[in-house]
Amino acid sequence: MITTAAISTIREHVKAWRAKGETVAFVPTMGNLHQGHITLVKEAKTRADHVVVSIFVNPMQFGPKEDLDGYPRTLEQDSEKLVGAGAELLFTPTPELIYPKGLAEQTFIEVPHIGDELCGASRPGHFRGVATIVAKLFNIVQPDMALFGRKDFQQLMIIKTMVEDLSMPIEVIGIDTIREASGLAMSSRNGYLTADEKHNAAALKRAIDSVIDAVQHNKSPQDAIEQAVQQITAAGFTPDYFELRNANTLRQATADDNQLVVIVAAYLGKARLIDNVSFSRHPQ
């Protein structure tokens, strides 16, 4: 695997592959890789001739009180995992390379409406940072396809919307959430949890499942969500949001919606955890 911080090196390799008619898949990450990331890389390897991965802790998507400085940076271990997964090219740029004029002078991208709710409401400017860095990385790598985990459901929808709205010739592929045996969604931020907190964190998925079961049995979604919030609060969480949404638009779910998603964010100790499960409502 070739590791580089140079945009020109990325473009040279991709240009050479394209000259031979070969396809390129891209997996953007912030590093501190876990099995969820590695699953994306392995899946990318099955879909394209070459796999490019980026590791960049993006300052634009962190708020002033968030964990930018403390975000785990584990490049050596990450590189070993990527070699084993079949990545061929690793892009590791610096903030100075990506934002040479500084964040205040950087052109940015915003996806309206969908980027303002849920995590967008809790973390103002977060999705501006996500959309901007992903667009920059797409322009640098110019892949045929890019793979993202469905755990970040709102992020995935924002990226798909951006690609469609800006006519980018890239297929955005969502891959199912990888979970630990307890049901806890794998996340780099799980490393912030103590042993007891990690045990209690499994309550998040159980609470989501309880809401899905209630909806499938034609019970009140609002009552089910209230009970689920009580359930995770009893496990030590401080809920940010816990909602039932239309899985195609992310708007508030109505009785007529059949494609749904339960989407959650909650704090546990030092970690802010997110999770979601999409499902189809049984016909009435």
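Under the condition of being assigned to a helix (DSSP H, G or I) and open to solvent by 40 Å² or more (accessible area, probe 1.4 Å), which residue from the stretch 217-228 is farthest from ASP256 (Cα to Cα)?
Restricting attention to the stretch 217-228, the residues satisfying the condition of being assigned to a helix (DSSP H, G or I) are 221-228.
Filter again for open to solvent by 40 Å² or more (accessible area, probe 1.4 Å), leaving 221-223, 226-227.
Details: PRO221: 13, GLN222: 15, ASP223: 18, GLU226: 21, GLN227: 23 Å.
Top of the filtered list is GLN227.
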Of the residues in the stretch 68-105 that are charged (D, E, K, R) and touching a residue at least 40 places away in the same chain (Cβ under 8 Å), the one that is least open to solvent (accessible area, probe 1.4 Å) is ASP78
For the stretch 190-216 the number of residues that are open to solvent by 50 Å² or more (accessible area, probe 1.4 Å) and not acidic (Asp, Glu) is 8
Taking the stretch 42-51 and keeping only residues that are touching a helix residue (DSSP H, G or I) at 6+ places or on another chain (Cβ under 9 Å) and surrounded by fewer than 22 Cβ atoms within 10 Å (Cβ to Cβ), one is left with LYS42, LYS45, ASP49
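The values are calculated or read from the model by the stated rules, or taken from the named source; none is laboratory data. Not measured: the values here are computed from a predicted model. For neighbour counting, all protein chains shown are included, and Cβ atoms are generated from backbone atoms with ideal geometry for every residue, glycine included. The area values use the complete protein model at the heavy-atom level, side chains included, leaving out ligands, DNA and RNA. Shrake-Rupley method; radii C 1.70, N 1.55, O 1.52, S 1.80 Å.
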